[in-house]
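The values are calculated or read from the model by the stated rules, or taken from the named source; none is laboratory data. Treat the numbers as computed from the prediction; the structure is a model and nothing was measured. Cβ placement follows ideal geometry from the backbone for every residue including glycine, while neighbour counts extend to all protein chains displayed.
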Amino acid sequence: MLAHVLTAYLHFLGMMTLMATLVAEHVTLQPQMTRLHLQRLARTDLFYGMAAGVVFLTGLLRFAYFGKGIYFYLGNPLFYVKVGMFLLVALISIYPTMRFLAWRKMLKQGDLPALDPRTMTRLRIVIRVELGLLIVIPLLAVLMARGIGRTL
């Protein structure tokens with residue numbers, strides 16, 4: 001029982017942390033970026049990655065051991081949509097992460113990266129898309145928990 005509760009709690013906490021870190025990245029991305037902004041972005045993105053790992057691992061645990069049972073999930077098309085959306089967010093997040101890591105590397109070498117406005121706009125759009133996708137995932141989870149979409 002305790003393992004079920006803790007796994008669910010960590011799963012929810014991970015999702016909230018994903019959202020919070022993405023919002024923080026979005027707010028931090030500004031037209032005029034200082035060294036501090038760039039360092040903050042890299043650090044925030046690290047927390048984002050850790051939160052994604054927590055969501056993924058606790059999701060697997062809930063799927064296999066502490067949820068409603070494998071067949072409950074496999075028999076619901078919304079489960080596939082939910083997992084697909086999470087994987088899509090993970091794929092989309094590669095672009096900002098690679099940018100932030102490149103900037104961090106330049107900072108460590110003592111250089112301040114040149115930040116062109118198109119890259120900054122693209123990053124903000126990508127983060128907004130991630131946020132838009134992530135906000136739908138809990139809705140899908142609630143629908144699934146209520147048996148909506150179940151085919152078996």
Seminar exercise, completed: Of the conditions (1) touching a Phe, Trp or Tyr at 6+ places or on another chain (Cβ under 6 Å); (2) modelled with pLDDT of 95 or more, the single one that LEU123 does not satisfy is (1)
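Restricting to the stretch 76-94, count the residues that are hydroxyl-bearing (Ser, Thr, Tyr) and either free of Cβ contacts under 8 Å to residues at least 12 places away in the same chain or more than 20 Å from ARG128 (Cβ to Cβ) (or both).
Quick first cut of the stretch 76-94, residues hydroxyl-bearing (Ser, Thr, Tyr) only: 80, 93.
The next check asks that each one be either free of Cβ contacts under 8 Å to residues at least 12 places away in the same chain or more than 20 Å from ARG128 (Cβ to Cβ) (or both); those that pass are 80.
Result for the stretch 76-94: 1.
Considering only residues that are in a helix (DSSP H, G or I) and touching a Phe, Trp or Tyr at 6+ places or on another chain (Cβ under 8 Å), look in the stretch 50-73 and name the one that is surrounded by the fewest Cβ atoms within 10 Å (Cβ to Cβ). Talk me through it step by step, then tell me what you get.
Going residue by residue through the stretch 50-73, those that are in a helix (DSSP H, G or I) are 50-66, 70-73.
Keeping just the survivors that are touching a Phe, Trp or Tyr at 6+ places or on another chain (Cβ under 8 Å) gives 55-56, 59, 63, 70, 73.
Details: VAL55: 24, PHE56: 16, GLY59: 19, PHE63: 17, ILE70: 11, TYR73: 19.
Checked the stretch 50-73; the qualifying residue surrounded by the fewest Cβ atoms within 10 Å (Cβ to Cβ) is ILE70.
Assess whether PHE47 counts as being in a helix (DSSP H, G or I), more than 15 Å from the chain's Cα centre (by Cα) and either within 25 Å of PRO117 (Cα to Cα) or not aliphatic (A, V, I, L, M) (or both).
Numbers: in a helix (DSSP H, G or I): yes; more than 15 Å from the chain's Cα centre (by Cα): no; either within 25 Å of PRO117 (Cα to Cα) or not aliphatic (A, V, I, L, M) (or both): yes.
Here the answer is no, as PHE47 does not meet what is asked.
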Problem set entry | So THR28, is it surrounded by 12 or more Cβ atoms within 10 Å (Cβ to Cβ), polar (S, T, N, Q) and in contact (Cβ under 8 Å) with a residue 24 or more places away in the chain | no
Seminar exercise, completed: Every listed condition ((1) farther than 16 Å from GLY14 by Cα; (2) at pLDDT 95 or above; (3) of a type outside the set (Phe, Trp, Tyr)) holds for ALA145 save (2)
Exercise. Does ALA102 fit the bill of being exposed (fewer than 15 other Cβ atoms within 10 Å of the Cβ), without any contact (Cβ under 8 Å) to a residue 24 or more places away in the chain, more than 12 Å from the chain's Cα centre (by Cα) and farther than 22 Å from LEU13 by Cβ?
Worked result: yes
Exercise. Restricting attention to the stretch 88-138, which residues are under 18 Å from ARG35 (Cβ atoms), not in a helix (DSSP H, G or I) and not aliphatic (A, V, I, L, M)?
Worked result: GLN109, GLY110, ASP111, PRO113, ASP116
